[in-house]
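To start, the structure itself, in structure tokens.
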Amino acid sequence: MAIKKILTDTHPLIRKKAAPVTTFDQSLTQIIQDIEDTMYAAGGQALSAPQIGIPLQIAMVDMEQDGLLQLINPEIVRASDTTTTELEGCLSVPNRFGEVTRSQMITVKSKDIYGRDVELTAYDDIARMILHEIDNLNGVLFTDIMDREITEKELEAYYDNE
């Protein structure tokens with residue numbers, strides 16, 4: 001139950017592949033709570049453990065009306081050939097935004113807080129956020145894969161059109 005400092009892209013931990021979670025106990029529950037507290041305090045929609053200095057494969061995605069998705073040791077099982085290109089940003093890459101092309105539909109396998117296997121199919125924005133967070137767990141930032149960076153003027157126009 002703590003708000004942690006969010007590491008930026010200049011921190012070496014952000015570029016390292018996170019280790020799988022092997023112990024499913026109260027410390028895992030605490031990390032998940034810290035991710036949630038930090039994500040909301042920063043105004044984010046998703047956040048991974050490495051972004052708060054914990055090199056483990058844990059991420060969280062706010063699915064709005066569908067609740068919070070906890071991803072532990074996630075892996076993509078299937079990804080659609082159909083893609084969309086949308087605007088992305090990242091709490092670890094402040095003040096930069098870019099267009100990123102990602103699969104429109106994915107199936108992800110993960111663990112729950114008790115270590116049980118779970119599988120989820122996600123579409124559109126939720127699929128995009130899950131893929132973004134899995135990239136973060138592998139040391140990849142959206143700036144590494146973006147099609148192009150968006151200027152401040154383009155960003156303003158983008159939000160004006162929403």
Q: Could you list, in sequence order, all residues of region 9-45 that are open to solvent by less than 70 Å² (accessible area, probe 1.4 Å) and either within 13 Å of Q57 (Cα to Cα) or in contact with a Phe, Trp or Tyr (Cβ under 8 Å, 6 or more places away or on another chain) (or both)?
A: L13, I14, A18, A19, V21, F24, L28, I31, I32, I35
**Q.** Number of positions in region 61-92 that are in a strand (DSSP E or B) and either in contact with a Cys (Cβ under 7 Å, 6 or more places away or on another chain) or charged (D, E, K, R) (or both)
**A.** 5
Q: State the number of residues belonging to region 123-139 that are touching a residue at least 40 places away in the same chain (Cβ under 8 Å) and surrounded by 18 or more Cβ atoms within 10 Å (Cβ to Cβ).
A: 10
Q. Would a scan of region 93-100 turn up a residue that is among the basic types (K, R), open to solvent by 20 Å² or more (accessible area, probe 1.4 Å), within 26 Å of T8 (Cα to Cα) and assigned to a helix (DSSP H, G or I)?
A. no
Q. Does region 137-145 contain at least one residue that is at pLDDT 95 or above and under 21 Å from L68 (Cβ atoms)?
A. yes
Q.
Cβ contacts < 6 Å: first residue over 24 Å from L28 (Cα atoms) and among the charged types (D, E, K, R), restricted to region 87-113; second residue open to solvent by 60 Å² or more (accessible area, probe 1.4 Å) and part of a strand (DSSP E or B), any location; separation 6+ or different chain. Result?
A. E99/T85; E99/R148
Q. If the Cβ limit is 6 Å and pairs must be 6+ apart or interchain, which residue in region 140-152 that is closer than 23 Å to L7 by Cα pairs with which residue that is part of a loop (DSSP other than H, G, I, E, B)?
A. L141/D9
Q: Check I113, I58 and return the single one that is more than 22 Å from K16 (Cα to Cα) and of a type in the set (A, V, I, L, M, F, W, C).
A: I113
(Q) Only one of I54, I58, I76 is closer than 29 Å to D25 by Cβ, in contact with a Leu (Cβ under 8 Å, 6 or more places away or on another chain), buried (at least 16 other Cβ atoms within 10 Å of the Cβ) and at pLDDT 95 or above. Can you tell me which? (A) I58
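The values are calculated or read from the model by the stated rules, or taken from the named source; none is laboratory data. This structure is a prediction, so every number in the text was calculated from the model and none was measured. With ideal geometry, Cβ positions are generated from the backbone for all residues, glycine too; neighbour counts draw on all protein chains shown. In case anyone asks, the SASA skips ligands and DNA or RNA and just uses the protein heavy atoms, side chains included. Shrake-Rupley method; radii C 1.70, N 1.55, O 1.52, S 1.80 Å.
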